[in-house]
Structure formats: structure tokens, C-alpha cells
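For reference, the structure discussed in these notes is given below.
The values are calculated or read from the model by the stated rules, or taken from the named source; none is laboratory data. Here the structure is a predicted model, which means the values were calculated and not measured. Cβ: placed from backbone, ideal geometry, glycine included. Neighbour counts: every protein chain shown. Quick note on the areas: whole protein, heavy atoms, side chains included, nothing else; ligands and nucleic acids left out. Shrake-Rupley method; radii C 1.70, N 1.55, O 1.52, S 1.80 Å.
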Amino acid sequence: MADRARLPPGQFLTPEFPVLTAGPTIHTPVDHWKLALQNGGSLIATWTWDQFEALPQTELQTDIHCVTKWSKFDTRWRGVTIDDIFRAAAVEVPPTSYLMAYCDGGYTTNLLVSDLIKGRAMIATRFDDLPLLPSHGGPARLLVPHLYFWKSAKWVRRLAFRNEDDPGFWESRGYHRRGDPWREQRYDGDPE
Ligand SMILES: Nc1nc2c(c(=O)[nH]1)N[C@H]1C(S)=C(S)[C@@H](COP(=O)(O)O)O[C@H]1N2
Ligand SMILES: [Mo]
């Protein structure tokens with residue numbers, strides 16, 4: 001079997017790309033799309049679709065791991081790293097340690113800023129060289145592949161720095177605050 005060492009504990013490998021959404025698929029036309037970066041309630045920067053597409057583009061090939069136990073190897077994405085988003089907004093030093101991602105449709109997820117920087121995360125707009133399908137979060141989703149896939153918020157529209165690590169949608173429904181698959185941080189109460 002292919003490279004067992006790449007499979008986190010309790011996971012199985014699938015060639016499929018399952019769709020998991022709490023609620024309906026959201027369809028946001030790109031001319032209605034904007035990304036906002038905030039510090040708490042104050043706006044730091046916004047990008048229209050065309051402005052966002054003009055930011056530096058990064059390709060990333062990576063394994064992904066869902067808490068429902070499927071993992072998929074070597075997925076291929078393109079988008080804008082969070083480092084480049086912060087740079088474009090002249091955020092040299094992140095103002096807080098936490099961040100909340102907000103999506104069209106109301107989904108949210110909380111993240112440590114340290115899990116998003118240094119090339120570990122992006123806002124992805126392409127999968128396998130094609131525009132990201134709405135079912136997988138197109139036009140744009142967060143991609144944080146080293147954490148369980150619920151952290152990779154689909155249809156993301158707003159990133160807000162926060163002073164506290166307040167729980168997002170799944171985190172307030174019994175899932176772990178951080179969700180590291182290598183530590184099996186599935187549920188609230190699993191090891192830090
Ligand atoms: N906006 C939004 N993002 C979301 C979700 C959701 O319900 N709404 N589900 C999460 C969960 S639980 C998983 S496993 C992945 C699934 O992504 P996929 O459908 O592209 O496989 O999206 C995550 N991002
Ligand atoms: Mo999930």
C-alpha cells in the first residue's frame with residue numbers, strides 16, 4: 001500500500017474526493033465576491049476577485065485528512081498563501097494570535113495564526129488546474145492541509161484577527177479547537 005507513513009492514525013486512504021458540507025452548496029458569482037481582512041471589527045483590507053487574482057499565486061501539492069477518517073494524497077491546489085495576503089495588506093506582524101474564518105452561508109472556523117503562516121495555508125481558487133467547483137468551496141476556500149479538513153473553510157469571505165480562540169461552527173459542536181490529525185485531535189477533550 002502507498003506510503004503508510006503519510007497516513008495519520010485512524011485514517012484510510014481514498015482516491016475519491018468526497019463532498020462534506022453542513023447545509024447547502026453555496027454559489028457565489030465572482031463579481032459578487034470580495035475577501036475582507038479584519039482586526040476584530042475593524043477592516044484592514046479588502047480585495048475584489050480581480051484584485052485577489054492579481055496577488056502572487058502559489059501551487060501546492062499536499063495530502064488532506066478529514067475527521068470522518070478519509071485521507072487523500074497528493075491533491076493539487078493553486079491560490080494565494082496567507083503570508084502573501086498579509087503582505088498585500090501590509091500586516092508585517094499579526095496583531096493577535098487567533099483568527100476566525102467566516103464564509104458565505106454562515107460557516108466559521110477558528111485558527112491559530114501560527115497555523116496559517118510560513119507557507120502552511122492558502123486561500124485556494126484552483127484544483128487540478130481548474131476553477132474550484134462550488135461543491136468544494138469555489139470560488140475560494142481556505143486550505144490548511146496540516147489540520148483536519150473541517151478547518152479548510154469553503155466559500156471563505158472574511159478573515160478576522162481575534163484576541164481569543166473562540167470556537168467556530170464545528171468547534172462549538174464538540175470538535176477539537178485545533179484539529180491536528182497527527183495527534184488525533186478530533187473531539188473536544190482529546191489531547192492538546
Ligand atoms: N463553508 C463550509 N466550509 C466547510 C464545511 C462546511 O460545511 N461549510 N465543511 C468542512 C468539512 S467538515 C470538511 S471535511 C471539508 C470538506 O471539503 P470538501 O467538501 O471539499 O471535501 O470542508 C470543510 N469546510
Ligand atoms: Mo469534515
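State whether one or more residues within the range 131-153 are more than 11 Å from ligand 1 (Cβ to nearest atom), open to solvent by less than 40 Å² (accessible area, probe 1.4 Å) and in a helix (DSSP H, G or I). Scanning the range 131-153, I find no residue that is more than 11 Å from ligand 1 (Cβ to nearest atom), open to solvent by less than 40 Å² (accessible area, probe 1.4 Å) and in a helix (DSSP H, G or I), so the answer is no. Considering (1) free of Cβ contacts under 8 Å to residues at least 12 places away in the same chain; (2) within 26 Å of Tyr148 (Cβ to Cβ); (3) touching a strand residue (DSSP E or B) at 6+ places or on another chain (Cβ under 8 Å), the lone condition that Leu43 does not fulfil carries the number (2).
Is at least one residue of the range 66-77 open to solvent by 80 Å² or more (accessible area, probe 1.4 Å), in contact with a strand residue (DSSP E or B) (Cβ under 7 Å, 6 or more places away or on another chain) and outside any strand (DSSP E or B)? Yes - at least one qualifying residue is present in the range 66-77.
Do we find a residue being outside any loop (DSSP other than H, G, I, E, B), within 15 Å of ligand 1 (Cβ to nearest atom) and more than 15 Å from Trp33 (Cβ to Cβ) anywhere in the range 86-97? Within the range 86-97 (the criterion being outside any loop (DSSP other than H, G, I, E, B), within 15 Å of ligand 1 (Cβ to nearest atom) and more than 15 Å from Trp33 (Cβ to Cβ)), the answer is no, since none of the residues qualifies.
Among the residues of the range 159-192, the one identified as surrounded by 18 or more Cβ atoms within 10 Å (Cβ to Cβ), hydrophobic (A, V, I, L, M, F, W, C) and closer than 19 Å to Pro8 by Cβ is Trp170. Just a yes or no: is a residue in the range 36-53 under 13 Å from Ala140 (Cβ atoms), surrounded by 12 or more Cβ atoms within 10 Å (Cβ to Cβ) and within 16 Å of ligand 1 (Cβ to nearest atom)? The answer is yes; a qualifying residue exists. In the range 104-122, the residue that is farthest from the chain's Cα centre (by Cα) out of those that are surrounded by 14 or more Cβ atoms within 10 Å (Cβ to Cβ) and over 23 Å from Gln185 (Cα atoms) is Gly105.
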